Amino acid sequence: MRLSFVKMHGLGNDFAILDGRDAELPRLSPAQIAALADRHRGIGFDQLIVLSPSRTADMAMRIHNADGSEVEACGNATRAVAVLHGTAASIETEGGLLQARPDAAGAEVAMGRAQFDWQDIPLAYAMDTREMPLGWEMLERPSAASVGNPHLIFFVNDVDAVPLDTLGPEIEHDPLFPERINVNVAQILSRNAIKLRVWERGAGLTLACGTGACATATAAYRQGLVDGEVTVRLPGGTLTIRHDAEGGIHMAGPAQESYRGTFELDHFS
Ligand SMILES: N[C@@H](CCC[C@H](N)C(=O)O)C(=O)O
């Protein structure tokens, strides 16, 4: 069976998007998704996005990491889908209903409110998630937040000094996190700017993580480290994260189409 895809990215965090809004698509297995994600033998992407009709929103979006796991949220892909759609849209995800609007620079998405209870992250046992009494080598006292998906955030003096390629997978798979976790290392540059690197659950080091930027900005705001609106500088570029009066998080930044193509699903079974 031959399937069409659109390759898009948000700040270099890249996706293959399968659009099943008009024609039903076959359900891909985790092994097929991981094979398609292979950057040498497949299409190559950090996340696979599958669009379908929704009863409650303009469309539904399923999100799969490069390792084949299905997840609840992806900020950069939500902007990409808004750009692909072309007009304001409500998007149903496992992590909640999102409102997205394309703009001149890319798109803005209302990401909802963060959850901070340990059960919502989730953690394996009860803990205050503001400054957790934990440490992995040079990384200590993280915060945790869920913005649909789970994030751990370490505030450090120099993000570039952190060996995230080795500490990231160790922390992602720690038994404290029954659903694994995205690992963020953040450096506060000013009241309005944060530098961020992310080890993504199921995808590894990426050039940008939209939900990581939201979780980090909201954890920093909760601790009084920054104001309600910040720019978050990631290796692939910059996002703007703003909190509204109700605690809602709004993310704005670019997203672009790279190319379109087709693949033979049988080659990836
Ligand atoms: N790149 C994404 C996040 C994708 C999901 C994440 N790896 C997870 O497992 O929760 C973003 O831009 O938010």
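List the number of the failed condition for SER4; all other conditions in (1) farther than 17 Å from SER269 by Cα; (2) assigned to a strand (DSSP E or B) hold.
(1)
Quick one: LEU265 ticks every box in (1) without any contact (Cβ under 8 Å) to a residue 24 or more places away in the chain; (2) surrounded by fewer than 19 Cβ atoms within 10 Å (Cβ to Cβ) bar one, so which box is it?
Here LEU265 meets the rest and fails (1).
Go through the range 43-61 and count every residue that is surrounded by 19 or more Cβ atoms within 10 Å (Cβ to Cβ), more than 12 Å from PHE15 (Cα to Cα) and either touching a residue at least 40 places away in the same chain (Cβ under 8 Å) or not aliphatic (A, V, I, L, M) (or both).
0
Scan (1) in a strand (DSSP E or B); (2) closer than 23 Å to ARG242 by Cα; (3) within 16 Å of the ligand (Cβ to nearest atom); (4) not acidic (Asp, Glu) for the single condition PRO102 breaks and write down its number.
(3)
Looking at the range 187-210, I want the residues that are in contact (Cβ under 8 Å) with a residue 40 or more places away in the chain and under 15 Å from VAL230 (Cβ atoms) and have a partner that is more than 11 Å from the ligand (Cβ to nearest atom) and not charged (D, E, K, R) with Cβ atoms under 6 Å, at least 6 apart or on another chain. Which pairs are those?
Sorted first by the residue in the range 187-210, then by its partner, the pairs are ALA193/THR231.
If you check every pair at least six apart or on different chains, which have Cβ atoms under 9 Å apart with a residue in the range 146-168 that is within 16 Å of the ligand (Cβ to nearest atom) and assigned to a loop (DSSP other than H, G, I, E, B) first and a residue that is basic (Lys, Arg) and at pLDDT 95 or above second?
Here the result reads VAL147/ARG113; ASN149/ARG201, each pair linking the range 146-168 to a residue that is basic (Lys, Arg) and at pLDDT 95 or above.
Among the listed residues ALA16, ALA77, ALA82, identify the single one that is under 20 Å from GLU200 (Cα atoms) and not in a strand (DSSP E or B).
ALA77
Within the range 114-133, count every residue that is closer than 19 Å to LEU225 by Cβ and touching a strand residue (DSSP E or B) at 6+ places or on another chain (Cβ under 8 Å).
6
The values are calculated or read from the model by the stated rules, or taken from the named source; none is laboratory data. All of these numbers come straight from a predicted model, not from anything done at the bench. Glycine also receives a Cβ, built like all others from the backbone with ideal geometry; neighbour counts cover every protein chain displayed.
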